[in-house]
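Inspection log for the structure reproduced underneath, given as C-alpha cells.
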Amino acid sequence: MRRLMFKFLMVLSGVFPLLISIPDSSLAGSDQWTSYGPEGGFITAMTIDPVDSTTLYVGTGGGGVFKSVDGGAHWKAVNKGLTQSNVNALAVNPIDPSILYAGTAVGVFRSLDGGDNWILVDNGLTNTSVSALAIHPFFPNIIYAGTTSGGIYKSLDSGGIWNAINNGLTYTGVRTLVVDPLNPTVLYAGVSGGVFRSANSGASWTAISNGLTFTSVRVLTIDPGTPSTIYAGTEGALFKSLDSGGNWSEIDTGLNQPAVFTIAVPAAIPDTLYAGMNNEIYRSTNGGDTWAAVSTGFTGSTVSTLTVDPANSDNVYAGSNGGGVLKSLDGGDTWAAFNTGLSNTTVSALAIDPITPTTLYAVTTTGGVYKSLDSSDSWAAAGDGLSTGSVSALAIDPVTPATLYAALNNEIFKTTNSGSNWTAVSTNLSVFITVLSIDPSTPAVIYAGTRGNGVYKSINSGVNWVESNAGLATLYVDTLVMDPAVPTTLYIGTLGDGVYKSLDGGDSWNSVNNGLTNTSVYTLAVNSTAVYAGTGGGGVFKSRDGGSNWTVINDGLTNTSVMSLVIDPKTSTTMYAGTQGGVFRTIDGGNTWTPLNTGLTSTSVRTLAIDPASPYILYAGTTGGGVFHYRDSTLAEADTNEEGCFIMTMNGGRIP
C-alpha cells in the first residue's frame, strides 16, 4: 500500500462522538493529481545507455520520455521541459550517455543530465516534425534528424544549429535513418519510396532500391559486425542487402505477415535477427534465411521497436502499441510485461461501481478494458472475451454493477461478473457506437449513440436494437445523458448539430439550441436545476430551462475545448470540466472557473468521473497519462465532520 490512514469516529449510546484522525493532508495525492496506471501504453522509441545497459529510455505516444535504471523493472517519467508528449525518436550520445535527444512534432529536445531536464534545440528546425535521429559514433556533436515532410537535417554542434541536407533526396518524408558504425560518412535513409544512401556525410543522396519490390520502407538496421549487410523492413516484406544497399533480396520464409515495423540485430550474435510485426515477434538464427514466431507471453498490438542488450544478448526489449514494454530474458523464447511505473495509456472512458466506488473501470484506446479494485492504485486487464479492436463506449448497470456493457467493432459485449469475461450480446447492430447509457429505473433499457446514425435503443439488455431517430436523421452523437429525476427525458450532444432533447424515451427528438453558439457538443451534464454542455472550442454553456435557452459560462476557463463534465452529486453548484488544457472547477454553478491541475502531467483530459459516495474524490482519464486521482482534503474533512458515524476505512490503501 502506498498510503495508509485510519480514521475512527465513534458514536456510543449516551456518549458524545470522539474523533481521532491523522490529517488528510498527510495523504499522498491530497490536493494534487497522482497517476498509477493503467500501466503500459504506446511505445514509439527505445534506446539503451551504451555504457550502462541497465539504463534505458523509451519515447511514448502521449506520455513523453520514461527512464529505467534497473533493466526495465521500474520506470519513471523524465519530462521536465519536454513540452511535447508525443516522442517519435530517441538517441543517446555514445561517448557521454548523459546527453540525450528526443525527436518530436516541433523539433528536437536535448537533455544534458540523463533526461532530468530538456530544452528545445530547433534553430533551423523550427516546428518540423522529427521522425528519426542518428548520431555520429565517433564525433557525437554531429547529429542527423529525419523529418516527416522536410527531408534530413544535420547539426555539427549538438543540435545548436540545423541545416537541411537534401541534395538528391526525392522523398522528404523520412521514416528511418541510420549511420554506418564503422564508416560514419555513410548514411542510409528509409522513405516511402525506397532507400537512399549518402557516402559523404549527407552532402548528397542516391536512391538504392534495386530488388526492393516493396518500396514503402519503415525501418533500416545495419549489421553491427558487418555494416555492408543491411536489413529493410517495408509494408510488404522484409529485405536484405549484402552490398551496402546496392542490391536487395526478399527474406521472409516463415513470416506470415507482410509489414515489418522494427528489426534488431545483436552485436554479439550477428546471424540472429528479430523482427517486429503486428501482434507478433519473429526470430531468425541464420541471417534471415528462415524465421519462426517467438511471441510466447507477448501482449499488445503492433511491435513498434526492438532492442537487444549490448551486454547480454539474452535480454531483448520490445516496445508495443498498447502493451508498453516487454522483455525477454531468454533470447525471445518468452516475454513478460515490464511496465511498473510506466503509465502512458490514453483513457477514453471511466466507470465507477456505484455500490463499491473503490472499483473503477477504464477504457484505453489500445489496451481495452482495465479494472481497479483500490481506487486506481493498481490495475489489471478486464477484457477476456472482447474481440480485437478498440472499445468505443462503456456503461455500468447502476442497479447491478457487476453487469457492464462495452461497444466494440459494431457489437455490444456484456459481462455479468465485473469484467472477468465478456460475451457478445447484440444481434442486429451494424453501426459504430460512440456512447452507451443505461436507464437507472429500468436497466434493461439501454441507449446507444452512433457515429452518423443517430440513436439506437434496446429494451432487452442489449440483445435487440431499434432505431430511435425520429427528428434526428443521421447525426453523429458524441454524448447521451438522462435527466436523473425523469429518465425518459434524454439529451444528446452531436458533432456540429448541437443538442437534441427527447421527452418520450427517445421516440422523438427536437433541437434545443437557442443561444448555443458552438454546436459541436462533446459532453453533457444534467441535475435538478440545470443542463450543461461542453463544446469543442466554445467552452461550457448552461441552460436553466431544460435546454430551451443557453448561456455561455466561461469566466476563468482558459481552454474551451471541453471533453467531459461531471457534477458533484451532493453539491449541485460544484462541477468539474475536463478540457484539452486540464481540469477546471466551479463552485458557483459555472459562473467562475479555476484550474485544478497540480500534478497533472498530461493535461489533455478526455473523461472525468466523480466518486458518488465521496465526491471529494475525482478521477481523470487523459491522453498518454493514464488515470489520475485527485482528493480534495478540505472537502474530505468537511464531509467527515458531517457524517457523525463510526467508520474505519482502508480501501486498498487509499482513504476516501
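Things worth noting here:
- Selection count where residues are among the aliphatic types (A, V, I, L, M) and surrounded by fewer than 22 Cβ atoms within 10 Å (Cβ to Cβ), scope region 527-542: 1
- Selection over region 432-450 of residues that are within 21 Å of SER348 (Cα to Cα) and either more than 25 Å from the chain's Cα centre (by Cα) or not in a loop (DSSP other than H, G, I, E, B) (or both) gives a count of 11.
- Qualifying positions in region 237-253 - polar (S, T, N, Q) and assigned to a loop (DSSP other than H, G, I, E, B): SER244, ASN247, THR253
- Criterion violated by SER320 - all others in (1) touching a residue at least 24 places away in the same chain (Cβ under 8 Å); (2) open to solvent by 20 Å² or more (accessible area, probe 1.4 Å) satisfied: (2)
- Applying the set (1) in contact with a Lys or Arg (Cβ under 9 Å, 6 or more places away or on another chain); (2) closer than 22 Å to VAL87 by Cα; (3) among the polar types (S, T, N, Q); (4) open to solvent by 20 Å² or more (accessible area, probe 1.4 Å) to THR262 leaves exactly one unmet item: (4).
- THR172 fulfils the conditions (1) among the polar types (S, T, N, Q); (2) assigned to a loop (DSSP other than H, G, I, E, B); (3) under 26 Å from ASP96 (Cβ atoms) except for a single criterion, (3).
- Candidates SER313, SER348, SER304: the one that is touching a strand residue (DSSP E or B) at 6+ places or on another chain (Cβ under 6 Å), small (Gly, Ala, Ser), more than 30 Å from PRO443 (Cα to Cα) and open to solvent by 10 Å² or more (accessible area, probe 1.4 Å) is SER304.
- Test: residue in region 353-373 that is touching a helix residue (DSSP H, G or I) at 6+ places or on another chain (Cβ under 8 Å), assigned to a loop (DSSP other than H, G, I, E, B) and open to solvent by 30 Å² or more (accessible area, probe 1.4 Å): yes
- The sole residue among TYR500, TYR491 that is open to solvent by 30 Å² or more (accessible area, probe 1.4 Å), modelled with pLDDT of 95 or more and farther than 23 Å from PRO595 by Cβ is TYR500.
- Scan of region 549-560 for residues that are at pLDDT below 95 and not in a loop (DSSP other than H, G, I, E, B), ordered by number: none
- When residues of region 451-481 are limited to those that are aliphatic (A, V, I, L, M) and within 29 Å of the chain's Cα centre (by Cα), the one farthest from GLY536 (Cα to Cα): VAL455
- With respect to the conditions (1) under 22 Å from SER614 (Cβ atoms); (2) touching a strand residue (DSSP E or B) at 6+ places or on another chain (Cβ under 9 Å), ILE355 lacks only one, and its number is (2).
- Residues (of a type outside the set (A, V, I, L, M) and crowded, with 22+ Cβ neighbours inside 10 Å) located in region 35-46: SER35, GLY37, PRO38, GLU39, GLY40, GLY41, PHE42, THR44
- Residue within region 428-441 that is aliphatic (A, V, I, L, M) and farther than 14 Å from ALA407 by Cα present: no
- A count restricted to region 543-561 and to residues that are open to solvent by less than 30 Å² (accessible area, probe 1.4 Å) and either under 19 Å from VAL512 (Cα atoms) or among the acidic types (Asp, Glu) (or both) stands at 5.
- Criterion applied to VAL521, VAL486 was being out of contact with any Pro (no Cβ under 7 Å at 6 or more places or on another chain), of a type in the set (A, V, I, L, M, F, W, C) and open to solvent by less than 30 Å² (accessible area, probe 1.4 Å), and the one residue passing it is VAL521.
- Residues being of a type outside the set (Asp, Glu), touching a residue at least 12 places away in the same chain (Cβ under 8 Å) and crowded, with 17+ Cβ neighbours inside 10 Å - total across region 562-596: 22
- For region 398-418, taking the residues that are touching a strand residue (DSSP E or B) at 6+ places or on another chain (Cβ under 6 Å) and surrounded by fewer than 22 Cβ atoms within 10 Å (Cβ to Cβ), the one that is modelled with the highest pLDDT is identified as LYS414.
- Unmet criterion (only one of (1) touching a strand residue (DSSP E or B) at 6+ places or on another chain (Cβ under 7 Å); (2) modelled with pLDDT under 95) for GLY233: (2)
- Residue tally, condition modelled with pLDDT of 95 or more and open to solvent by 20 Å² or more (accessible area, probe 1.4 Å), over region 194-209: 8
- Tally, over region 597-621, of residues that are open to solvent by less than 20 Å² (accessible area, probe 1.4 Å), hydrophobic (A, V, I, L, M, F, W, C) and modelled with pLDDT of 90 or more: 6
The values are calculated or read from the model by the stated rules, or taken from the named source; none is laboratory data. Everything quoted here is computed from the prediction, not taken from an experiment. Quick reminder, even Gly has a Cβ in these numbers, built from the backbone with ideal geometry, and neighbours come from all protein chains shown. These accessible areas exclude ligands, DNA and RNA; they are computed on the full protein's heavy atoms, side chains included. Shrake-Rupley method; radii C 1.70, N 1.55, O 1.52, S 1.80 Å.
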